[in-house]
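The values are calculated or read from the model by the stated rules, or taken from the named source; none is laboratory data. Here the structure is a predicted model, which means the values were calculated and not measured. Every residue, glycine as well, gets a Cβ built from its backbone with ideal geometry; the counts of neighbours run over all protein chains shown.
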Amino acid sequence: MARLLIIGALTAELGLAARMATAKGARLAQAEGVSSGLERLRAEGADLILCEVTHDIGWLVEQLAAERIACPVIACGRNADAAAAVRAIRAGAKEFLPLPPDAELIAAMLAAAAGEAEAPVHREPTMAALLGRAAQLAVAQASILITGESGTGKEVLARHIHRSSRRAQGPFVALNCAALPEALLESELFGHEKGAFSGAVAARRGKFEQADGGTLLLDEIGEMDPRLQAKILRVIQEREVDRLGGGAPVKVDVRLLAATNRDLAAEVQAGRFRADLYFRLNVLGLHIPPLRERPLDILALSAHFARRFAEANGLPVRALAPAAEALLLSHPWPGNVRELENTLHRAVLLAQGPAIGPEAVELTPLPLPAVAAMEAKPTAAAPAAKGVGGLVGRKVGEVERDLILETLSHCLGNRTRAAEILGISIRTLRNKLHEYRAQGVAVPAAHPAMPWAMEG
């Protein structure tokens, strides 16, 4: 259930948008202007902000950045006012919603903000057993650790657990621990008091307080700094949070779910993750198998995505041709469900004729490290040295640098996607790029059509 903050008067077309959002299950809050909207955001939080273009969107975006509030802003206005839309995007709005509103567009916007609201799509018996176990664990109050490779659907499973739990009527709040720098992550988690740091002009509730009475998912918790790990442990033990700059703790009632693509037991052994926090999080555990081990799910998910994207784009729903299905089944899917989803989105847009044929299925062409790890080891007839002979004589650091920069260029500057392909965390990638810039090496920028790609 997405938490939507609307900034503007709930009359006429904006009021219609509010009613559409409520009908789709959104939890609605409203403010007349950007100042009062910011106050509500500090106190209650939100997954998405819908702001009329007549308001100062640039000021709002600047205040969100200054106060370390990570919440996307979508501008809305008359469809004919193209100049206002351009100004809003340049001011920092993520998207523009034309008025009068379209119900399907509202639904897609809310789904993107809150994650997929439907049950996980599956056909494999292993996934059916996993979802059965998840339903059994959902009624408990203990923490759950969800593990699996990037893109397997850990957040989808977490939302499914929340909807099946006794806290289903409460908020579900998710935070990606790898996508934010440490200072911003701490403020996002625990909130802050007025004057706690430069830009903290008012008190603000963090994710723990926003999830009070519901569920909090800490995604990619394996990337969290040890200092913050200690603070998380205290919240679990004491059921209270200390805001940055606060003088007294705040009681919270939150069920904690954690997700990671790392082997946390190995991270504990290596001294990078606290053992006491690991045991607190891993009271109950669920592991999602990679997509390459779930061939029946590949076909079920492909049909699901083909239908969804056809409907979203106003196109006829086409089935997958047998040759296209065979092509999908032969791919190792290093990016798992997320990669499959993107592939089917392209295929739906490129398909011609009565079915989606193999010519519309564009698979990742790079020999990715993740793919190489899945392939069979070289035999004596095909020694490994044959493929790396050109690297002999070069330093390991140079080879690593070239691989990272080429992958980032291939991803049009999208750090999140590049990190997934390389099999490293966003934080590690960010540190490497800072190091290369310090050495005077040019780092690929985001494509002009996707400036958000450099975030994280």
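Checked against (1) modelled with pLDDT under 95; (2) buried (at least 20 other Cβ atoms within 10 Å of the Cβ); (3) closer than 22 Å to Arg159 by Cβ, Arg243 passes all but condition (3).
Restricting the stretch 264-278 to residues that are within 24 Å of Ala140 (Cβ to Cβ) and exposed (fewer than 15 other Cβ atoms within 10 Å of the Cβ) leaves a set whose member that is nearest to the chain's Cα centre (by Cα) is Ala265.
For Leu281, the criteria (1) crowded, with 18+ Cβ neighbours inside 10 Å; (2) more than 17 Å from Leu233 (Cα to Cα); (3) modelled with pLDDT of 90 or more hold in every case but one, which is (2). Given (1) over 29 Å from Arg163 (Cα atoms); (2) touching a helix residue (DSSP H, G or I) at 6+ places or on another chain (Cβ under 9 Å); (3) among the acidic types (Asp, Glu), identify the lone condition not met by Glu193. Glu193 satisfies all of (1) over 29 Å from Arg163 (Cα atoms); (2) touching a helix residue (DSSP H, G or I) at 6+ places or on another chain (Cβ under 9 Å); (3) among the acidic types (Asp, Glu) except (2). In the stretch 50-69, the residue that is nearest to the chain's Cα centre (by Cα) out of those that are crowded, with 20+ Cβ neighbours inside 10 Å and either in the same structural domain as Ala196 (by TED's automatic domain parsing) or more than 17 Å from Glu188 (Cα to Cα) (or both) is Leu50.
Summed over the stretch 327-360, the residues that are touching a strand residue (DSSP E or B) at 6+ places or on another chain (Cβ under 7 Å), outside any helix (DSSP H, G or I) and either β-branched (Val, Ile, Thr) or under 24 Å from Glu293 (Cβ atoms) (or both) give a count of 1. Within the stretch 79-92, not a single residue is outside the structural domain of Ala183 (by TED's automatic domain parsing) and touching a residue at least 40 places away in the same chain (Cβ under 8 Å). Among the residues of the stretch 414-456, those that are hydroxyl-bearing (Ser, Thr, Tyr) and either part of a loop (DSSP other than H, G, I, E, B) or modelled with pLDDT of 80 or more (or both) comprise Ser425, Thr428, Tyr436.
Considering Gly357, Gly353, the condition of being in contact with a helix residue (DSSP H, G or I) (Cβ under 6 Å, 6 or more places away or on another chain) and either modelled with pLDDT of 95 or more or among the small types (Gly, Ala, Ser) (or both) is satisfied by Gly357 alone. Would you check if Gly151 is surrounded by 18 or more Cβ atoms within 10 Å (Cβ to Cβ) and at pLDDT below 95? So Gly151 fits the description; yes. When Asp225 is tested against the conditions (1) surrounded by fewer than 23 Cβ atoms within 10 Å (Cβ to Cβ); (2) in contact with a strand residue (DSSP E or B) (Cβ under 8 Å, 6 or more places away or on another chain), the lone failure is (2). Just one of (1) surrounded by fewer than 18 Cβ atoms within 10 Å (Cβ to Cβ); (2) within 30 Å of Asp102 (Cα to Cα) fails for Phe309. It is (1).
The set of residues from the stretch 118-132 being surrounded by 16 or more Cβ atoms within 10 Å (Cβ to Cβ) and either assigned to a helix (DSSP H, G or I) or at pLDDT below 85 (or both) comprises Met127, Leu130, Leu131.
Touching a Pro at 6+ places or on another chain (Cβ under 9 Å) and polar (S, T, N, Q): does that describe Gln210? Spelling it out, Gln210 is indeed touching a Pro at 6+ places or on another chain (Cβ under 9 Å) and polar (S, T, N, Q). Looking at the stretch 315-340, which of its residues are in contact (Cβ under 8 Å) with a residue 60 or more places away in the chain and of a type in the set (S, T, N, Q)? Asn336 - this is the single residue of the stretch 315-340 that is in contact (Cβ under 8 Å) with a residue 60 or more places away in the chain and of a type in the set (S, T, N, Q).
So that you can scan it fast, the table gives a plain yes or no per residue for (1) modelled with pLDDT under 85; (2) among the small types (Gly, Ala, Ser); (3) more than 17 Å from Lys251 (Cα to Cα):
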{"residue": "Ala142", "(1), (2), (3)": "no, yes, yes"}
{"residue": "Leu157", "(1), (2), (3)": "no, no, yes"}
{"residue": "Ala174", "(1), (2), (3)": "no, yes, yes"}
{"residue": "Glu182", "(1), (2), (3)": "yes, no, yes"}
